[in-house]
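Data block below; observations after.
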Amino acid sequence: MVLYFSQREIVVPGQLLAKGPYKPGNNVFNVGQNIYSTVVGLAELKNNTINVIPLKRTYVPSPGDLVIGKIINVGVTSWQVDIASPYTAILQASDAFLKPIDVTKEDLRKYFDVGDYIIAKVLTFDRTRDPLLTVKEAGCGRIDKGVVVEINPSKVPRIIGRKGSMISLIKSKLNVEIVVGKNGRIWVYSKNPKAEEFTVRIIKKIEREAHISGLTNRIKKMLEEVRLSE
Amino acid sequence: MSSSRISIRKEQRPPKLIDEEGRRVDGRRPDELRPVKIEVGVLKNADGSAYIELGRNKIIAAVYGPKELHPKHLALPDRAVLYCRYHMVPFSVMERKSPAPSRREIELSKVIREALEPALFLEYFPRTEIDLFIEVLQADGGTRTAGITAASVALADAGIPMRDLVAAIAVGKVEGQIVLDLCDIEDKYGEGDMPVAMMPSLGQITLLQADGVYTPEEVKKALELAKKGIMKIYEVQREALKKKYIELKKEVEEEYGKK
């Protein structure tokens, strides 16, 4: 059993991380008992499992994910939604309304038009067909206020923090509403436009510095120093 | 302008490709690489990018994707399509090169794609496309191998899962000697050129081409020499990928330490 990295060290694809009976976790692969990284990221050993936390990632939808999408096309019975992923999602009218509507009489543009941002949940995705979304669940629907920020989806766990610590810290200090989509889009809203703007700056800072330890302390300091006048 | 530059312009064959002391036309030893420099993230618009300088070669590689593939009927149900374009800009060589893709460039695009595909986990992104562009800004022999080297760094920078980086270098035969990293003159007037690409940690060769005539011993020696060169290039690739993040870390730590 040999480890070739220190905890949270930056590793690159093909780098030998360990030899021996370790379990290969996320973003690694093994050849026999040799474990190699597959991405540029931070290597971690936890409970005998070796993981690499990627520094950049492509969002691949998974059922149950909360995402923020942008309507790119309106059809007769469905919408096409860009979810910042290689796969364009479909939102069917039957997954958008609690009561069935008569699509022969109604124009779907009335509800969501091209360019609208929506908060939605991924219903199904099996990689052979485009993902299906639903907005029937609580908290889903069209975004009609606030701003949407886009970051790399690999940084989403850092925005949320351990058990939501980071996001609740920002929410309570700045009195803003935040919804984080798994696809890296984040909705921010506050009655105070300055708080909104500052939250966006914080999110960008977290994205930039996610791989550097002491992040929470730096964000706390930033939050303490700020003066937001109404 | 120095006399050496003029001689290159006229493309005269130097009287000797290796002198009595064993030095090559640019003063290198037979087993010596040209200086290598790799930079990561040089293009803001691309998902991943890299710039390489190998001697006088200057090459830029850009990666876009994985993204939705158009037209859709070209999509593969079980994996991503790697689209690769190797291209030399008109001013990359002494005599203007037509910007239209030549027969050679189309072939090299295919060869480079096939050298990189084994390193990529394309099956993670079925029905999508990964675009790879390699633009040669200045050419001086060995652009396909330098292109592969830069491209694999750009792919890693784009966050695409890979088994290993691919590092490549050419070896060849000049005046009966096996030499590493041929420059343009050696490539043109030497007896043989053998580009090799490898996944160094896994010890697998993904590209092996050759022109010229070699004895089995010479092939063995050439591959060993290529491996030596590839290991050096691999180290530069790894450092380049880490540098971007390590520099940011230093910057943040300094800024935070001051407060």
>> Could you check segment A:68-82 and list, in sequence order, the residues that are over 17 Å from A:GLU150 (Cα atoms), surrounded by fewer than 19 Cβ atoms within 10 Å (Cβ to Cβ) and not hydrophobic (A, V, I, L, M, F, W, C)?
In response: A:ASN73, A:GLY75, A:THR77, A:GLN80
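Restricted to segment A:128-163, and to residues that are part of a helix (DSSP H, G or I) and exposed (fewer than 14 other Cβ atoms within 10 Å of the Cβ), which residue is nearest to the other protein chains (Cβ to nearest Cβ)? Step through it out loud before you land on a result.
If we filter segment A:128-163 for residues that are part of a helix (DSSP H, G or I), which is where we start, we get A:153-160, A:162-163.
Checking the rest, the ones that are also exposed (fewer than 14 other Cβ atoms within 10 Å of the Cβ) come to A:162-163.
On the way: A:ARG162: 20, A:LYS163: 25 Å.
Here the residue is A:ARG162.
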> Could you say which residue among B:ARG113, B:ARG96 is without any contact (Cβ under 8 Å) to a residue 40 or more places away in the chain and in contact with a Leu (Cβ under 7 Å, 6 or more places away or on another chain)?
Replying inline: B:ARG113
>> Just to verify a result, which residue in segment B:111-150, among those that are in a loop (DSSP other than H, G, I, E, B) and more than 14 Å from chain A (Cβ to nearest Cβ), is nearest to B:ALA80 (Cα to Cα)?
In response: B:GLY142
> Hey, among the residues in segment B:186-238 that are in contact (Cβ under 8 Å) with a residue 24 or more places away in the chain and among the acidic types (Asp, Glu), which one's farthest from A:PHE29 (Cα to Cα)?
Replying inline: B:GLU186
>> Between A:PRO24, A:PRO86, A:PRO61, A:PRO54, which is in contact with a Gly (Cβ under 6 Å, 6 or more places away or on another chain) and modelled with pLDDT of 95 or more?
In response: A:PRO54
>> For the list (1) touching a helix residue (DSSP H, G or I) at 6+ places or on another chain (Cβ under 6 Å); (2) away from every other protein chain (no Cβ under 14 Å), I need the number of the one condition that B:ARG56 fails.
In response: (1)
> When segment A:113-127 is examined, which residues are found to be part of a loop (DSSP other than H, G, I, E, B) and of a type outside the set (Lys, Arg)?
Replying inline: A:ASP113, A:VAL114, A:GLY115, A:ASP116, A:PHE125, A:ASP126
>> I'd like to know if segment A:95-103 contains one or more residues that are in contact with a strand residue (DSSP E or B) (Cβ under 6 Å, 6 or more places away or on another chain), surrounded by fewer than 24 Cβ atoms within 10 Å (Cβ to Cβ) and outside the structural domain of A:HIS211 (by TED's automatic domain parsing).
In response: yes
> If you take the residues in segment A:12-60 that are small (Gly, Ala, Ser) and in a loop (DSSP other than H, G, I, E, B), which one is farthest from the other protein chains (Cβ to nearest Cβ)?
Replying inline: A:GLY20
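The values are calculated or read from the model by the stated rules, or taken from the named source; none is laboratory data. All values reported here derive from a predicted model rather than from experimental measurement. Note that each Cβ is placed from the backbone with ideal geometry, even for glycine, and that neighbours are counted across all protein chains shown.
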